[in-house]
Structures are given as structure tokens and as C-alpha cells.
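The values are calculated or read from the model by the stated rules, or taken from the named source; none is laboratory data. Just so it is clear, the model here is predicted, and its values are computed rather than measured. For neighbour counting, all protein chains shown are included, and Cβ atoms are generated from backbone atoms with ideal geometry for every residue, glycine included. SASA here: full protein model, heavy atoms, side chains in, ligands and nucleic acids out. Shrake-Rupley method; radii C 1.70, N 1.55, O 1.52, S 1.80 Å.
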Amino acid sequence: MTETIIRVCMGPGGIAAGGADVLAAFQSGLADAQVSATIENRCTMHKVGCLGLCAKDVLVDIIRNGDKKTYELVTPDMAGRIITEHVIGGTPVAEWLVKDDYHAFHAKQVKVVLSDCGAVDPESIDSYIAAGGYAAVRAVLTSMTRKDVIDLIKNSGLRGRGGAGFPTGVKWENCSNVDADTKYIICNADEGDPGAFMDRAALEGNPHAVLEGMLIGAYAIGARIGYVYVRAEYPLAVERLNLAIRQAAEHGFLGENILGSGFGFTLRIKLGAGAFVCGEETALIASIEGERGMPRPKPPFPVYKGLWGKPTVINNVETLANVPYIIRNGADWFASYGTEKSKGTKVFSLTGKVRNTGLIEVPMGITLREIIHEIGGGIENGRRFKAVQTGGPSGGCIPASMIDLNVDYESLSKAGSIVGSGGMIVLDEDDCMVSVAKYFLQFTQAESCGKCVPCRVGTKRLLEIMERITNGNGQESDLDLLVKLGNDIRQTSLCGLGMTAPNPVLSTIKYFRDEYEAHIRDKKCPAKVCKNLLTFSVIAAACKGCGACLRACPAGAVSGEKKKLHTIDQTRCVKCGACFDACKFKAIAKD
Amino acid sequence: MNIDIQPFIDRYRAADGNIITLLQDIQHECGYIPEDVVFALSDALDIPASSFFGVATFYTQFHLHPRGKTIVTACCGTACHVKGAERIIQAAERELGVTEEHPTSEDGQFTLERVACLGTCSLAPVVLLNGEVHAKMSPDKLRREILRFKEAIHD
Ligand SMILES: Cc1cc2nc3c(=O)[nH]c(=O)nc-3n(C[C@H](O)[C@H](O)[C@H](O)COP(=O)(O)O)c2cc1C
Ligand code: FES
């Protein structure tokens, strides 16, 4: 009897690429095949979390008698042939299997947090338990004291994955040492970095691991109530978390007297309402309390005075998802990955102009070169690598010249950026660094909660200067002003949002000063991105008079008869670039 | 808006007395946060209306005006931004006749919204049409999708 398991990627990428339709196609295809019943065939279908290489979604694993083959870019109409030839016939459809780049993508990765994503069914607690899940909680509750747990996590060297990199064991110890009748543990799943989805994938791919990590944390600090604060934009994550909580309660991992240990824990979900600043821990607390999500001055730190004034530990999703694996495999195992001060692995969301975009998990200390050129497969369309942006709106840009930089908390911060929550956006020669910095500043400026003056007013002024530079009205003195103002905002803001908001500007000035100068002195955007510094014109020799640009122009700025040279009226041109995109003959010049 | 506010009050009292949850409840029922409902609840619960509006205007999730039947959500996250989200938004604005200040079309059919990252960055640029993910968008592809929705309305 052959035993076949089919796994269809239903991670964020898989679903967006049509994973549900592919799953349905396999289901109906199998039903049809079984009707004919020529072959004895037992086949189970799994929906799995992110398989990593989202650029090749929908990814489908076929595991036939333990032999795993992976198909890429699967569409519903491919299901039939895969079922007949591979599932039934035993011969994989070679041309649809993943290619070398898929293997290269995985070769340098080390999976801890994502190790079960793609293997376990995120909607089944039994699947997680079969993979070793909840063994850590059992070990903790039956044979470890709170101090044992804290010491183990301290020894592992685990640091917070939410941005600041604070040692998790120390945070737990501080909270554990506070004497209070009520304490809370909160999982921060607000994932504010616009352009990153590590936490979403962890929650959707293996929600029980996050839950197990929270249980262990709660036991260590002595909390009986926990909250998961999730972005409203992640409905599937919420659905799977709710399901996971129900299943865990049914299995006796939540509620009173868990596993007969006397320890009890309940878990609630809070939906975020859309505010970046609510990822900041004190603002998040205000938001759970039902107020505007405005940060509160620290100290007092939440471990002493947090939710409703009670001692509270806030940890990021990925931090918590590491915990069960550390308990299961030991502190030394975890600490064997990474560098002296940054232990373990980190999940990054690798996007932008690389060939292989997707979620990657790598040991701390890996170089940017390995990530971008080996895992990422290099820059798409043969363009030149220019910079990589890490840490989202709080981070910075690292130039191509520093590609051998190690990716860990210390090295990135020395280079003027941060590990942050794990966003990693690769930029190529077509990206304008001034414009990228402006983009992040627009974001933080709009998201500033307005409580403190440096952030509320300072980011606004910074943005105005950036706008005038990209509009061609920059002044020589603007660069010094940006640096001075940026440093003032960094030093005087109330919370991390303001303290880090100038980073994208400061780091791009540090590494790409010449681009700023080109905007200011020559009124040119070298990457040809900043609209107001561009002129669109028709290249007479190439124009066929097809009229595509005329039809595309929203401003009526193009004129010309059919089959004759067209022209652009510069006074009416709104510089939208529609003509440039529409022209099939490369007859529009953009300078 | 003609709506019975008693269920809101009951659920508010039964839960944890949290204004955000209450507003989420109102928006779930009404599609947006109607002014008169807020004033009625303010009287009934003896909470200043300013507390409601303070919270409602702080979070991007809450809408103080009715929204269109079809919601076009364009991602402006970083990954989508570097892959040309700006041009997609421009195309949508032109196609729907809306602006950032007036995001709902004259006929009340469409609302264009921006969001910072939908968590599907590898498929950037991404647009949601009534919550359904459309990956690797281009201005042209979006125009065609919108036309499909427009035709469906007229049928
Ligand atoms: C503006 C701002 C946004 C933040 N957003 C997040 C977030 O989305 N997710 C997160 O885990 N931490 C975020 N943080 C960091 C949290 O404040 C906090 O340090 C973290 O959740 C602690 O967990 P960890 O120690 O496990 O990293 C943010 C901080 C700031 C200042
Ligand atoms: S940036 Fe658009 S989906 Fe993440």
C-alpha cells in the first residue's frame, strides 16, 4: 500500500496565490480517482503554513512513502496530472518540480521557529503534538521550577525578536521577582513594520508553538492571564489562533490545574485597530485597556507596572515561538547557533528586488552576501544591487559596499541600522535612496501619536525638508539641518517611535550623501524616481505615432496625429509616467 | 441612522467595558461609525462623546463616513512601495474618480483605502478587492479588475 501525503501551502503567500483553489482541485481530483479505485491509495491532505519561497507559490509537497517532492507555481489545472502521474503512477511530473534555486534558497537556512511550519497542520493540535508539541510544557510543569525555566532561557541567550533585542530570560526574571497577586503576559502580534510578515507566518503556520511559548512564559513569571494582541489585518491568523486556543483548552493545556500541576492559565485575543505605535509596549497596553494607544513614559517598565498597573511581560511572537524548542532541545543547542552576543536564528522577510522573495530563517551572524546572493538568488532582472533596508521605519539602509556585514544585533546597529523585527528589503539601482528615506518618514510621521513634541513636530519638519529636496527646492544647508534635527528627535522623543524615526534619513545621508547632493545641487534624481525632477519627452527617431501615449495620458498633455510624431506639452505634463509605461517602442525619454 | 442601540449596550456591559471593542461592534453592524449612534450611546452610557471620537480618530480601522460597496485596499507597505504601489494607486484614483481626501466614489459604489502591509510582501504589489488578495498587480491589471466590478454593478 502506498501512503501519500499532499501538503498545500496555505501561508500568506500560498493563499494569495490561490492556494485554496489548488487545495480544492486536489481534493476533487482525488475523490474522482478514488472512485475508479484501481489503486490502493491512502492519501491525506494538509494545509500547511508558509513553505518559505513565496515567490514560487503555490508550493505543493507530495510525500509518497516518505519520499518528498515539491512542486512550484502550482495552479488548479495542474492537480489532475500530478495525481495521475505522481500520486497514483509514482512518477513525479519532472518539469513542474522545483528547480535548483529552490534548493539554494533552503541550503543556508536553519529552521527553529519555522521548523514545523510546513510540516504540521496549523489547524490540528494532534498534528503539533505528534511533531513533539506540548512536550516542553509538560516537562516544565512536571519537573522544572520557575527558576529552572528562567535560568534555561537566560543560558540560551535568547533575545527579544520584536526589535529591541532585550534578553528574554532577564525580562522574565525581573517580572518573576515582583511580588504581586495578578500578573499578565502579552504576546505582541501587532507586526507594525510595513513590509514584513514573519509573525503572521508563525501565527498562521504554527499557532500552537506561540501558545506553548506563552504558557511557559506565564508559568515562569507567575501570570494566570495572557493576551495576544493581533493586527486586524491578519484575519486568518486570528481564526487559527482562536481554533488553537479552543483545541488547547479541550486538551487541558489551558484552564485550571493544567496537567495536574495546580498551575492555571487563560488566554484572550485582542484585535488591534490599526496604529503602528500600538506595537510599542506601553501603547499596546493602553490599547488593550480600551484607550488611545499612546505610549507612557518608562520607567516604570511594564514588568513592574504594566496592564492595569500590574506586572506584565510583553514578548514578540517569534520570541515566544522559540521557547518550546529551547526547552525541548536545551540551552546549549540554541546557543550553538549565532554569534557571541546574538544567539539562535532569526526569521527575516526577504522582499524587494531579489529573485527569491519569501520568509527565511537564518543563524544570527550570517552575512548579507549569503542572504542576498545565495538564499535570495541575487537581484532580479540582472540589475545592480544597491542597498538593503533592515528594521523597517526604525531601521536604516546598508549600502552594497558593506555586503559582507554580519547580520546580528551588534553589527547592524554599528552600521546605523537595526535587526528590528526582521524586515529586509533589497533595493537596486532603480531605487532612489532619498525617496526611500522619505517614504519611511511619511509613514512614521503619519503614525506619530502626537503625545510628545519632538516626534509630533520634529518628524513633520523633517518630512517637509525631505519633500522640498525631492521636489527640487532643496538648499545646501538642508543636509546639516536634517542631521541636527534628526539627532535631536532621537534624543528627546518619548518612545521608540520617535527615537528611531530619523534612522532611515540619517543612515541614507551617511551612505548616500551624493544622491542627496544631486537632488539639491543639480536638481536631478539619479535613479529617476522623484517625479518633480524628471522631464518626459518623445524621442523623435523612435516614435511610430501609434497613439498609445496619447490615450494613456490623464492630463491631455500629449498631442499628435496617427502615424506622426507625438509631442508632450511640458506645461500640462503631470509627470505620472503613464506614457513611459504605455510606449512599446521605448520612444519616451525620462530624464 | 435608524438602529437599536440596546444590543450594543448589552454587549458592552457584558464584555469588559472597552470603548475600542464597542466601536468595533458598531462598525461591524453599521459598516462605519455613525455620529448619531455615538451621541445616543454617549447619553446612554454617560461617557463623553469626545472619548468615542478620540478613540475612533486615533485608529485607522474606524471610519466616520459610509464606505462604498466595493472596497479597494491598496497596500502601501515598503515591499509594495518599491514595486510601484504609487502608480497603482494613481491608476485606481483615476479609474474611480476618488482622491485621498474623498476616497469614496460619487455613486457610493467604491472606496479606495490604503494599508501599510498586508503580510504578503513576496507577491508585491498587492491589492485587496473586497478582502480578496490580488497579487503582483499592475495599473492595467487593476483597471481591468475594477471594470469587472463596474460591469457587475450594471448587470
Ligand atoms: C514604534 C514601535 C513599534 C513596535 N512594533 C512592534 C511590533 O509590531 N511587534 C513587536 O513584537 N514589537 C514591536 N515593538 C517593540 C515592543 O515595544 C517590545 O519591545 C517588544 O514587543 C518586546 O518583545 P521582545 O522582547 O520579545 O522583543 C515596537 C516598538 C516601537 C517603539
Ligand atoms: S508591503 Fe505590501 S504586502 Fe507587505
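General remarks:
- Size of the B/A contact, given as accessible area buried on both chains, probe 1.4 Å, in Å²: 3100
- Cα gyration tensor shape for the range A:42-166, rounded if a/c is under 1.5, else prolate or oblate: prolate
- Centre-to-centre, using Cα atoms only, the range A:49-90 and the range A:349-427 are separated by 30 Å.
- Trypsin sites (Lys or Arg not before Pro) within the range A:332-409, DSSP loop, no more than 12 other Cβ atoms inside 10 Å: A:Arg384
- A run of chain B free of exposed loop cleavage sites, with GluC sites (Glu not before Pro) counted only in DSSP states other than H, G, I, E and B and at most 14 other beta carbons within 10 Å, reaches its longest extent at B:1-99.
- Environment charge of A:Leu427, counting only residues whose C-beta is closer than 15 Å and scoring Lys/Arg +1, Asp/Glu -1: +2
- Given charges at beta-carbon only (K, R positive; D, E negative), |dipole| of the protein assembly as shown in Debye: 1820
- The range A:481-538 - percent of accessible surface contributed by carbon and sulfur, probe 1.4 Å: 54
- Between A:Val483, A:Gly352, A:Ala33, the Cα set farthest toward the positive side of the dipole of the protein assembly as shown (charges on each charged residue's Cβ, about the Cα centre) is that of A:Val483.
- Student exercise, the range A:86-199 dipole from Lys, Arg, Asp, Glu Cβ charges, in Debye to nearest 20: 500
- Subtracting the Cα-Cα distance of A:Asn65 and A:Ile5 from their residue separation scaled by 0.36 nm leaves 20.8 nm.
- Each Lys or Arg adds one and each Asp or Glu subtracts one; over the other residues with Cβ under 12 Å from the Cβ of A:Phe536, this totals +2.
- Kirkwood radius and radius of gyration were both taken over the C-alpha atoms of the protein assembly as shown, and their ratio Rg/Rh is 0.97.
- Leading residue at positive end of dipole, chain A (Cβ point charges), from A:Val303, A:Ala415, A:Ala540: A:Ala540
- Using the Cβ-Cβ distance between A:Ser261 and B:Arg148 with R0 set to 60 Å, the FRET efficiency from 1/(1 + (r/R0)^6) comes to roughly 0.55.
- Filter on A:Lys154/A:Lys346; A:Lys544/B:Lys150; A:Lys270/A:Lys451; A:Lys108/A:Lys171; A:Lys343/A:Lys386 - keep pairs with C-alpha separation over 27 Å: A:Lys544/B:Lys150; A:Lys108/A:Lys171; A:Lys343/A:Lys386
- Chain-alone versus full-assembly comparison, the range A:212-243, residues with accessible loss of at least 20 Å² (1.4 Å probe): A:Arg231, A:Glu233
- Cα gyration tensor shape of the range A:424-485, rounded if a/c is under 1.5, else prolate or oblate by comparing a/b with b/c: oblate
- The range A:526-591: trypsin sites (Lys or Arg not before Pro) in DSSP loop, at most 10 other beta carbons within 10 Å: A:Lys562, A:Lys563, A:Lys584, A:Lys586
- Taking the C-alpha atoms only, the angle from helix B:139-154 to the longest principal axis of chain B is near 60 degrees.
- Looking at the range A:345-428, the accessible area is 25 square angstrom per residue; that uses a 1.4 Å probe and ignores ligands, DNA and RNA.
- Entries in A:Lys438/A:Lys524; A:Lys590/B:Lys141; A:Lys460/A:Lys575; A:Lys586/B:Lys136 that, when Cα-Cα distance is taken, lie over 21 Å: A:Lys590/B:Lys141; A:Lys460/A:Lys575; A:Lys586/B:Lys136
- Degrees separating the helix B:49-58 axis from the principal Cα axis of chain B, which is the longest one: 20
- Shape of the range B:6-58, Cα gyration tensor, a/c cut at 1.5: rounded
- Considering only A:Gly255, A:Ser156, A:Met214, the residue lying farthest towards the positive end of the dipole of the range A:133-255 is A:Ser156, judged by Cα position with unit charges set on Cβ.
- The phi torsions of the range A:262-273, fed into the Karplus equation with coefficients 6.51, -1.76 and 1.60 and a -60° offset, translate into couplings of x, 8, x, 8, 10, 10, 10, 10, 10, 8, x, 10 Hz, rounded to whole numbers, with Gly and Pro shown as x.
- Relative to the longest principal axis of the Cα atoms of chain B, the long axis of helix B:85-96 lies at roughly 80 degrees.
- Free-standing Cys residues across chain B, given no other cysteine C-beta under 4.7 angstrom: B:Cys30, B:Cys76, B:Cys117, B:Cys121
- Counted charge near A:Ala130, where neighbours are those whose Cβ lies closer than 11 Å (Asp, Glu -1; Lys, Arg +1): -3
- DSSP bridge orientation in the protein assembly as shown - percent antiparallel, rounded to nearest 5: 55
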